[in-house]
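Participant: What follows is a structure written as structure tokens; I'll ask about it next.
The values are calculated or read from the model by the stated rules, or taken from the named source; none is laboratory data. Remember, it's a predicted structure, so these values are computed and weren't measured experimentally. All Cβ positions, even for glycine, are placed from backbone atoms using ideal geometry, and neighbour counts span all protein chains on display.
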Amino acid sequence: MSSLSESLDNSTSKKSLGLAIGGHRGLSILQNLIKSSDYRISWILIPDTLESVPESLALLPSPIKPFRINKSVELENISQKITSVDILICAGFPFKLPKSILNKVSTIGINCHGGKLPSYRGGSPIMWQIINDEEFITLTIHELSSEFDEGDILLESSLLNDKALYIREVQEIVNQEFVRMLDIFLKNPEQYIAKKRAQDSSKARYWHQRRDVDGFIDWQRMNASKIYNFVRALATPYPGARSVLCDGELLRIWQVEKDEVPICGSPGRIVKLSDGLHVTTCDDSSIRLVKFGCSRKIRNGEYMFNHKVGVL
């Protein structure tokens with residue numbers, strides 16, 4: 001039987017981890033790390049927006065209590081309360097980590113970023129890749145730096161952008177892929193650190209974080225394929241794509257189908273057929289509304305507008 005001192009030695013020999021996590025991505029990674037006997041989680045930072053206690057956090061050993069962060073300025077004070085760790089893992093954490101936190105890391109701090117770098121720096125990279133109709137959705141584990149998404153690239157993975165999948169299904173696949181990538185990295189971090197490569201800043205592009213107000217469909221400029229990708233990128237669990245009817249009534253759209261035989265005409269015109277509502281788009285194409293919400297009945301022949309067009 002192992003002695004108490006031997007057990008303590010085994011515990012302290014494990015690599016210590018600090019976590020800065022948020023959203024389903026961060027919680028998926030946390031749940032996987034809790035199951036592992038190869039690492040020792042020293043502390044966790046989570047945004048205060050996680051209102052309830054997720055199942056993953058409930059599984060934590062009792063000495064570990066997450067630090068809840070409401071504002072980025074709180075991180076400076078927290079840096080005085082946390083211990084040094086071998087590796088810091090950031091995934092879905094919405095705040096910029098100050099140098100006082102990064103200085104607590106002896107080996108490396110890494111971030112699980114849902115986009116290809118440097119071309120998809122910034123916010124909502126998975127959404128943007130779907131909207132932009134990329135052939136692949138690329139995920140990156142990169143070194144944390146003093147600026148968002150600028151650190152050296154350590155590991156990449158590309159997933160086929162399956163046009164049949166909506167954002168929730170894509171995110172579930174992405175979350176599990178990050179768990180796999182992180183397992184690979186943590187088995188031999190020194191190998192990936194030795195092979196890390198700097199980003200080509202001349203190819204850098206920053207994408208802003210998407211908000212609900214960015215979800216209006218531009219019927220006059222977007223064809224059926226663009227609208228389809230736009231809708232599936234903004235579907236549940238997000239509020240959906242938006243459109244405005246002639247009286248200012250707001251319409252939410254969560255699912256559409258591209259018409260195999262298009263209905264042509266003025267962009268944004270609603271055509272009611274036996275199989276439901278269709279909307280004409282630019283480039284002589286059309287889509288059928290499959291899942292949508294509106295507080296009133298939509299009339300045949302009326303038009304949909306985006307937020308840039310004045311209400312009639």
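Participant: Of Ile173, Ile270, Ile227, Ile253, which residue is touching a residue at least 12 places away in the same chain (Cβ under 8 Å), touching a helix residue (DSSP H, G or I) at 6+ places or on another chain (Cβ under 8 Å) and among the aliphatic types (A, V, I, L, M)?
Facilitator: Ile253
Participant: Filter the range 253-270 down to the residues that are buried (at least 17 other Cβ atoms within 10 Å of the Cβ) and in a strand (DSSP E or B) and list them by number.
Facilitator: Ile253, Trp254, Gln255, Val256, Arg269, Ile270
Participant: Just for the range 186-210: of the residues that are among the aromatic types (Phe, Trp, Tyr) and farther than 14 Å from Gly151 by Cβ, which one is surrounded by the most Cβ atoms within 10 Å (Cβ to Cβ)?
Facilitator: Trp207
Participant: If the requirement is being within 23 Å of Gln209 (Cα to Cα) and part of a strand (DSSP E or B), which of these qualifies: Arg242, Arg288?
Facilitator: Arg242
Participant: Six or more apart or on different chains, Cβ atoms under 6 Å: show the pairs whose first residue is in the range 25-43 and assigned by TED's automatic domain parsing to the domain that holds Thr83 and crowded, with 18+ Cβ neighbours inside 10 Å and whose second is of a type in the set (A, V, I, L, M, F, W, C) and in a strand (DSSP E or B).
Facilitator: Short answer, once both residue conditions are applied: Arg25/Ala91; Gly26/Ala91; Ile29/Ala91; Leu30/Ile21; Ile41/Leu17; Ser42/Val85.
Participant: Quick one: in the range 129-173, which of the residues that are in contact with a Gly (Cβ under 9 Å, 6 or more places away or on another chain) and hydroxyl-bearing (Ser, Thr, Tyr) is farthest from Ser119 (Cα to Cα)?
Facilitator: Ser145
Participant: State yes or no: is Asp283 under 16 Å from Ile131 (Cβ atoms) and of a type in the set (D, E, K, R)?
Facilitator: No; evaluated as a whole, the condition is false for this residue.
Participant: Given the criterion over 26 Å from Gln31 (Cβ atoms) and without any contact (Cβ under 8 Å) to a residue 12 or more places away in the chain, identify the matching residue among Asp214, Asp152.
Facilitator: The match here is Asp214.
Participant: If Ala194 passes every condition in (1) over 30 Å from Arg242 (Cα atoms); (2) of a type in the set (A, V, I, L, M, F, W, C); (3) touching a residue at least 24 places away in the same chain (Cβ under 8 Å) but one, which one does it miss?
Facilitator: Among (1) over 30 Å from Arg242 (Cα atoms); (2) of a type in the set (A, V, I, L, M, F, W, C); (3) touching a residue at least 24 places away in the same chain (Cβ under 8 Å), the lone unmet condition for Ala194 is (3).
Participant: Could you please give the count of residues in the range 251-281 that are touching a Lys or Arg at 6+ places or on another chain (Cβ under 6 Å) and of a type in the set (A, V, I, L, M, F, W, C)?
Facilitator: The number of residues fulfilling the criteria is 1.
Participant: So how many residues does the range 230-250 have that are more than 14 Å from Val290 (Cα to Cα), touching a residue at least 60 places away in the same chain (Cβ under 8 Å) and of a type in the set (A, V, I, L, M, F, W, C)?
Facilitator: Looking only at that region, the number is 6.
Participant: To continue, here is another question. With respect to the numbered conditions (1) surrounded by 13 or more Cβ atoms within 10 Å (Cβ to Cβ); (2) closer than 27 Å to Pro189 by Cα; (3) at pLDDT 95 or above, which one is the sole condition not fulfilled by Phe148?
Facilitator: Failed condition: (3).
Participant: Filter the strands (runs of 3 or more DSSP E) completely within the range 65-172 down to those with at least 2 residues that are more than 20 Å from Thr49 (Cα to Cα) and either under 12 Å from the mean Cα position of the chain (by Cα) or not acidic (Asp, Glu) (or both).
Facilitator: 85-91, 105-113, 136-143, 153-160
Results for (1) in contact with a Cys (Cβ under 7 Å, 6 or more places away or on another chain); (2) under 25 Å from Met127 (Cα atoms), shown as yes or no for each residue.
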site: Glu249; (1), (2): yes, no
site: Val261; (1), (2): no, no
site: Ser274; (1), (2): no, no
site: Thr281; (1), (2): no, yes
site: Lys297; (1), (2): no, no
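Participant: If Ser243 satisfies all but one of (1) among the small types (Gly, Ala, Ser); (2) closer than 30 Å to Ile153 by Cα; (3) over 23 Å from the mean Cα position of the chain (by Cα); (4) surrounded by 16 or more Cβ atoms within 10 Å (Cβ to Cβ), what's the number of the condition it fails?
Facilitator: Result: Ser243 fails condition (2) only.
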